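Heads up: the structure comes next, in structure tokens.
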Ligand SMILES: Cc1cc2nc3c(=O)[nH]c(=O)nc-3n(C[C@H](O)[C@H](O)[C@H](O)COP(=O)(O)OP(=O)(O)OC[C@H]3O[C@@H](n4cnc5c(N)ncnc54)[C@H](O)[C@@H]3O)c2cc1C
């Protein structure tokens with residue numbers, strides 16, 4: 001049964017109240033556009049929500065704000081907060097990589113990117129991770145290729161998204177070592193090498209040379225929920241926006257090639273439907289999920305788009321974060337608070353996940369205890385090496401991560417008082433993964449249907465910063481459409 005209730009007519013309806021939905025919602029509300037966000041959960045925030053864990057309050061996924069910009073002021077998150085005149089105090093965070101061995105427990109070898117080094121960072125990292133120094137001819141060859149990508153703009157990168165990087169490499173380099181190093185760029189870009197295209201490599205590699213190392217930052221106070229989500233949601237509501245929670249959109253209404261609104265229910269399985277109408281619908285939940293759940297019909301996508309959406313869905317598999325409450329401080333708080341761990345016990349040093357102290361992400365911690373979070377490989381990272389995620393892989397990933405944590409900080413496992421695992425769909429990877437075709441923020445064949453969030457562009461800035469990047473041009477397009 002579909003019920004049409006009063007006051008459910010808007011100019012713009014946004015599906016999903018994650019950072020993507022809140023960002024575009026805030027810009028439109030400021031312009032006086034009558035906007036509503038429909039959010040399935042009881043509160044907005046999406047993957048930037050916090051969770052309670054045995055007296056701690058922590059990001060539901062362990063996050064740092066990552067950007068390919070050289071300075072925080074050039075990130076889109078920062079630009080959005082400045083544009084809306086919302087305060088944003090931040091700290092930058094170093095990104096150390098730690099190599100650990102069985103032979104020397106507790107003796108970690110560290111490597112940290114040095115932005116001043118540019119492409120040379122890459123050579124140093126290669127030597128650290130493999131233990132093999134590059135010879136001069138390989139360095140020269142890699143520098144030559146890095147230079148080709150260095151000056152490509154985002155627009156130029158978009159033009160070559162269809163050119164297979166593997167094919168390009170075959171034609172453009174003879175040096176076997178240089179080829180091997182570049183083939184291993186796949187996981188860095190977010191997809192297996194066979195799926196990587198030249199546009200994405202040029203986008204990431206080129207920026208890498210320019211800025212020297214990815215920028216990692218985090219709010220100075222509070223978690224992402226209190227520092228990003230709460231101010232945006234507050235701004236949106238103060239400017240007349242409406243957040244309708246506990247409503248799951250089931251269907252985008254399309255009539256004669258135009259979006260007309262959405263049908264929502266009070267939970268995923270309910271038969272009680274409500275209709276909300278608007279000439280503009282913005283899908284700010286991951287597009288491939290919307291298609292998989294038939295919220296947007298596959299038949300309304302062009303062939304190219306359908307293929308791209310499927311490719312993104314293939315990459316968006318379960319990822320694992322682990323939460324550990326230790327009964328005492330095992331990891332020195334004044335040392336590295338967030339590290340990328342490489343374990344040498346698997347032949348060449350193998351990335352087993354991240355280890356991050358709750359103090360680093362401003363989590364609320366229980367006094368006298370230590371909160372440690374982990375991003376555990378065995379799931380999406382493994383997919384980059386062509387291995388699908390299965391529960392046994394997830395369990396193996398967890399075992400490897402725990403073994404590495406114990407080697408790095410002896411006594412870790414014994415000190416665990418509580419362990420929590422958070423298996424959630426949509427890890428960062430697809431957010432900067434490679435699409436065979438670059439999607440646009442506007443549907444190619446449905447008028448009034450737009451897209452926001454991190455599941456659209458593969459070129460540009462990675463992960464959650466993309467939500468803010470997309471919001472600026474999206475605002476222009478939506479206003480133009482409404483005026484017309
Ligand atoms: C483990 C993990 C680690 C990450 N680490 C980082 C990091 O270090 N740095 C970084 O920048 N990013 C990171 N990310 C990515 C970041 O979380 C995303 O880029 C960001 O949350 C995307 O925002 P979004 O608004 O597009 O989507 P989401 O945050 O997913 O929000 C979508 C919203 O839509 C709602 N929704 C879904 N279906 C419906 C429906 N049918 N009807 C109504 N509402 C619906 C959801 O409930 C959700 O609130 C990480 C993600 C994960 C999972």
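Rule-based calculations on the coordinates, nothing more; no lab input. If you're wondering where the values come from, they're calculated on a predicted model, not measured in any experiment. Heads up, the Cβs are rebuilt from the backbone with ideal geometry, glycines too, and the neighbour counts pull from every protein chain shown.
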Fill in: Cα centroid separation, the range 244-309 to the range 195-225 (Å)
31
Fill in: q = 0.25, 0.30 Å⁻¹: log10 I(q)/I(0) that the Debye formula gives for the range 39-88, counting C-alpha atoms only
-1.00, -1.06
Response to the item:
Expressed as a whole-number percentage, the relative contact order of the chain with C-alpha contacts under 8 angstrom and at least six residues apart is 25
Worksheet entry | DSSP bridge orientation in the chain - percent antiparallel, rounded to nearest 5 | 70
Discussion item. Using Cα-Cα distances under 8 Å and only pairs 6 or more residues apart, what relative contact order does the range 324-370 have, in percent?
Written reply: 44
Worksheet entry | From the C-alpha gyration tensor of the range 154-306, square roots of 5λ in Å | 40, 24, 14
Worksheet item: Going by how many other Cβ atoms sit within 10 Å of their own, how do 339, 446, 24 line up, fewest first?
Response: 446, 339, 24
Fill in: Exposure proxy ranking, count of Cβ atoms within 10 Å, fewest first, for 8, 102
102, 8
Discussion item. Compute the angle between helix 120-130 and the longest alpha-carbon principal axis of the chain, please, reported from 0 to 90 degrees and rounded to the nearest 10.
Written reply: 70
Discussion item. Between helix 391-408 and the chain, what is the angle of the helix's C-alpha long axis to the longest principal axis, kept within 0 to 90° and rounded to the nearest 10?
Written reply: 50
Practice prompt. Please work out the Cα center distance from the range 55-86 to the range 311-375, rounded to the nearest Å.
Written response: 20
Worksheet item: Is the range 191-278 best put as rounded, prolate or oblate by its Cα gyration tensor, with a ≥ b ≥ c the root eigenvalues, rounded for a/c under 1.5, and otherwise prolate when a/b is larger than b/c, oblate when not?
Response: oblate
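Determine by what factor the alpha-carbon radius of gyration of the range 114-213 differs from 2.2 N^0.38 Å, reporting the quotient. The partial results should precede the final answer.
Numbers: Rg = 12.7 Å, N = 100, 2.2 N^0.38 = 12.7 Å.
Here the Cα radius of gyration is 1.00 times the empirical estimate.
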Worksheet entry | Contact order relative to length of the range 114-213, as percent, for alpha carbon pairs under 8 angstrom and 6 or more apart | 44
Practice prompt. In Å and from the alpha-carbon atoms only, list the Rg and Dmax of the chain.
Written response: 22.7, 72
Discussion item. Tell me the angle of helix 136-150 to the major Cα principal axis of the chain, expressed in degrees between 0 and 90 and rounded to the nearest ten.
Written reply: 10
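Provide 58, 281, 66, 163 in ascending order of the number of other Cβ atoms located within 10 Å of each residue's Cβ, fewest first.
Details: 58 25, 281 30, 66 21, 163 13.
Result, fewest neighbours first: 163, 66, 58, 281.
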